[in-house]
Structure formats: C-alpha cells, structure tokens
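Report on the following structure.
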Amino acid sequence: MSPVASPQVLIVGAGPAGLTLALALVQQDIQVRIIEKQTSLPSGRRCAIIAPRTMEMLHLLGVSKAVEKLATGPFPVTRYKLPGGIEPLRTWMMAKPEKPTSDRPYVSSVYLGQDQLEEVLRDELDKYSCPVESGSELVSLTQDDDYVEAVIRKTSDSGSALDILDVPFLVGADGLTSESDIYSVIILIHDDAGTTRGQLEIEALDGTRDEEFITADVKLEGLRDDTIHMWSVEGPSSVTILAWPASGDLFTIQIAGNIPDRGRLITDEGFLEQYFVQQTNRKDIKFQEILFLSEYNPRIGMLEKFSQERVFLVGDAAHVHTLSGGQGMNSGIQDSMNLSWKLARVIKGQAHPHILETYNEERLPVVADMLNKLPELRLSGTVNEANARAFESAGLGVQQHNKSTDQMDVNYRWSSIVQGANINTSDGTDTVGLSAGDRAPDATKLMNEGGIHSLFDVFSCSRDTIVAFQPSSEGFKQIQRLLFSISHGQDKPHLISIFPKDAEVPQDHPSDIIFSDTENHALTAYEVPGGAERTFVIRPDGVVGAIAEDAQGLQEYYARLPQMS
C-alpha cells in the first residue's frame, strides 16, 4: 500500500505510542501517514507490561481480544538465595491478586512482547489502509501558522531520496532512536538531530538519572515458566538478573545494575551465557539460542512541555521511565489516546486549536508525578499554580491518585475541560467518589432487546458517549436538542439511557440505546442514587468529561471546550 498522499497528521515513529495514535486517528476518519526509520520490523520481546488501564484503551481501539490471546501472566516473582541460586528466598506477586469486577474487567497487568503488541496494532491499521512506511526518517522540520514542513529521507535497496511534506500536524513518537541501537533511548537533556524532539527548542527538567540494562530473548533449558526468576548480587558491583517467561522455552533476560564488560556482553553470546551462570550460580540452565540481544541505557526524565505549536511529542519522545516500573509504554499509550480526539476535532473544524493546549495541561502533571517531578513543573511555570493548589487542597491531586502501577487512578480532575463532581449525599455536598476527569467505569449485565451488554462495548474512541441514568422523556429530549445544536454529522455523541432493573422503561424514549441495569451494576459504578437523574459525558479516551443533572449542565460542559468562532 502507498502512503497517504495528503495526510492531515504525520506520525514519526511506529512504536506502541505512535501506532496507538495512528489507529485512534484513522478510526476518527483522519488521514494519517506514519513513518519508521528502521527498514525492518523490530525484534525483541522485552516482556512489556501491559497495565489494566492500557487494556481498557486497547478495548476502545478494538484490539483487546487479540492482545489477550497472546499475553501471559500475571506471574509471581521468585527470588533465589545466593550462593546456590536454586533455593527460593521469597516469592511474591508484584500486585495484589484481584478478580475482575463489573466496573473493572481488567484488574491485573499482563505480559506481552512489545514486538507482538506492535504487530497487533499494525494488523489493525492495515484494515484502514494505513501501513507503516519503513525506512523513512525525519531529517528536519519547520513550521508556520498553518503547516509543518517535514523533510523525510526514504531509504530502500536502490538508495535514498528526500521527500518534502507539508502537513497540518506532526507528532513525534520516535524517542527510542540512535545510530547504534533502536532500543537505546536518547538522553533528554541533549538535542538529537535524528528525532522530532531534537528539532524543537524544549528544555528537559533537571534531575535526570542514568540507568543501565541489558535485555535478551533466550531459548533455554532449566527454568520453570510459571514465575519470574530473580537473582540479586549485592555489594559494590550489585547486579539484578530477571528471567521473564515469554512462551514455551523462550525467556526474556534482563540484567540491571553495575554491569562490567557491557560491550562484550552485548556482542559475545558465549560470554553472556558464562556471565549469567556466574552471577546466578545456575550451571543447570543451558542457553539454546539467543534471538535478541541489546542494551538499554535510559536517562530517566521528561521535557518541560510535550508540544510546540503544531508539533506534539508522545511516549519516550517526551518522557523516559525506568524499566522496573513498567510505566513507560503504558504512559505513551495514554498520551496518544489523550491527544488523538483533540487533534481529530481540530482537524474537522469541530474545536478551536486552543483545545490542543489541554494535552500539556492534562498529561504533564500525570507524567511528572510518576517521575516525581511535579515540583519542578511548578517551578518552570508549566503547571498553573492556582490549579495545583486547588486540586491539592481538595485532596484530588495526582499525588493522591496516580501511585498504583495499574494506572487505573490516573485522572485529570484539575483539567479546564472537565466539569462536575458526583453528588450522592442528602445535603448535596461533593464526595471524593467518581468525578469528572476520572476513568469511566465499565458496567456489565445491561440488557436490551439485543441481549446482554457492557458499557465498554458501546464506548467509542471516535465520539463522545452520553450516558443518562433514569432520565424522563422530556429531560432527554432537551439533551437531544442541545446535542443536535452542537454535533457535527457522524460525530454526534452516542446517546444511552440506563434504567434500574425494576423500573418501567418507556418505549418512546429518544435514546440511541436503552438498557435495563439488571444487577444495578451501572448505578453502583457511577454512584447514582435511586430515583436521581444523572448524565455523564464519556470522552473518546475513556475519561469522564462531565457529570450533570440536566441539559443545562451538559451545555455548560460543552461551552468549556474551545469552540470555533
């Protein structure tokens, strides 16, 4: 397939963040061109950790089932005593085991090779005639009020040629780039001409730190495949070795710490096996084949902003995380979902470009909190101090909500484009329950004439979903009239009404879908008291945009979104 002739968005980099953004945009009928410097598909599983919140976003994109078929885990971690390396010292789960619930169908992180996840996303992109253009590298960019001019070097067996493209928006997802190794992360505090970030005048926050890892995909004998194996060598030359089960006899080996002879370890396969046996004391483990071997040397940190005019950065192009937290890829996917619907609305003329400023407003504090850099963001002036004080004093700051690695509590409660806290007490006071800016819960066992459904199956990454609880016909008609006045063709929000299990459902109700909440799962998850009318706007990224009691509340919410004059 040929690249799009006149793309509306150029995406530079075809890792998980870039592919997610491309897929979310094409599902909103945006013309996308996605380029990748490498001429061949990436190898190396690297056992990416996919967090529950990321699984919810993959569900929105329609690829969660494909991911679940390939994913493994969650596994316990077994640390072994040294010397010896065989007797378990301790076994534990990295997260407390939980069972899926109606509002949280994905409760445990799963493990999947990054190459496998990228293949799933590429296969889905192919259905929209949006192939990844390999062997194409961003050389330079300039921008004005209307366009970004990108110079692309296209390399093939017959040589290379330059392609000059004018595009309304460019997104850099090319953080994992270097001349020597596709998986070596660019140091944030230095410009690099080979990345989108290197073309922008954006400073990195102080306090970055270096880490050293070696990762390898190895077929081996001698290890169980039902746990993550761990050996830690303490002392001046402390080293930790992990062996993650991938599939069958394939394991991903990670070595972290003060690693001597790193250069030899990544070039001499025999020396790698010798080093592994020496550090783990496990002479019974035999390497059969090394499929992939690389070093990963990130400088952990972030930029002070993730965009400059018409150019945006997602994932490792904007922030680099430690491998040990499993947060980097998941955060990049959240970047892309947050940005995609805002870009789409601006391109379609449905929102003023000012809405794109909320990409920084919403994502910067979340990432800064993960990297413990929220104070530095305040000092740089990137986070509005009044907003910071407001959500901290209310106990709703990201410090209170983003600590878990499942990322289920990541929220944008402070955002200027969300509205409403849930009110479920008799005196009308706000509670620290579900609020605008939070993830939208799922709810199962919703029944209509078509069968049993869940809310996640009707949410969409291409438009808002309006969920109205037990609305009167007249109240819903007012909502319908309001939405008709602000909607744009096929992007009209999806209208859903939900009634309690024992309520009489009106047959002439003007909803797109009417559900009976057979087990009251939806009313419980959305904290709606019996008999109360409550309406929720669910954004295309699966976030509650608004909580309103009537059409007037919805009108106030949509007035918050920067509109075209």
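The values are calculated or read from the model by the stated rules, or taken from the named source; none is laboratory data. Predicted model, so just to flag it, every value in this text is computed and none were measured. Because the Cβ atoms are built from the backbone with ideal geometry, glycine has one as well, and the counts that use them run over all protein chains shown.
Brief remarks on what is shown
- Just one of the numbered conditions (1) part of a strand (DSSP E or B); (2) of a type outside the set (Phe, Trp, Tyr); (3) surrounded by fewer than 18 Cβ atoms within 10 Å (Cβ to Cβ) is not true of ALA256: (3).
- Flag for VAL505 being closer than 21 Å to LYS342 by Cα, touching a strand residue (DSSP E or B) at 6+ places or on another chain (Cβ under 9 Å) and surrounded by fewer than 19 Cβ atoms within 10 Å (Cβ to Cβ): no
- Those residues of segment 259-291 which are within 22 Å of TYR80 (Cα to Cα), at pLDDT below 95 and in a strand (DSSP E or B), in sequence order: none
- Restricting attention to segment 17-51, the residues that are of a type outside the set (Val, Ile, Thr) and at pLDDT 95 or above add up to 14.
- If you go through segment 262-275 and keep only what is loosely packed, with under 13 Cβ neighbours inside 10 Å and either hydrophobic (A, V, I, L, M, F, W, C) or in contact with a helix residue (DSSP H, G or I) (Cβ under 7 Å, 6 or more places away or on another chain) (or both), you end up with just ARG264.
- The lone exception for SER331 - which of (1) under 30 Å from SER108 (Cα atoms); (2) part of a strand (DSSP E or B) it fails: (2)
- One residue from GLY159, GLY135, GLY113 being more than 19 Å from GLN308 (Cβ to Cβ), modelled with pLDDT of 95 or more and out of contact with any helix residue (DSSP H, G or I) (no Cβ under 7 Å at 6 or more places or on another chain): GLY135
- Among residues of segment 191-236, those that are farther than 23 Å from LYS37 by Cα and at pLDDT below 75, counted: 10
- The residue that is surrounded by the most Cβ atoms within 10 Å (Cβ to Cβ), among those in segment 234-247 that are over 19 Å from THR91 (Cβ atoms) and either of a type in the set (A, V, I, L, M, F, W, C) or in contact (Cβ under 8 Å) with a residue 24 or more places away in the chain (or both), is ALA246.
- Residues of segment 276-290 that are of a type outside the set (Val, Ile, Thr) and in contact with a helix residue (DSSP H, G or I) (Cβ under 6 Å, 6 or more places away or on another chain): LYS283, PHE287.
- Number of the condition not met by TRP244 [criteria: (1) at pLDDT 90 or above; (2) over 27 Å from LEU82 (Cα atoms)]: (2)
- Among the residues listed as SER64, SER134, SER129, SER40, the single one being assigned by TED's automatic domain parsing to the domain that holds GLN28, without any contact (Cβ under 8 Å) to a residue 60 or more places away in the chain and not aliphatic (A, V, I, L, M): SER64
- Some residue of segment 308-319 being among the aromatic types (Phe, Trp, Tyr) and in contact with an Asp or Glu (Cβ under 6 Å, 6 or more places away or on another chain): no
- Residues of segment 43-100 satisfying the condition of being of a type in the set (S, T, N, Q) and not in a loop (DSSP other than H, G, I, E, B): THR54, SER64, THR72, THR78, THR91
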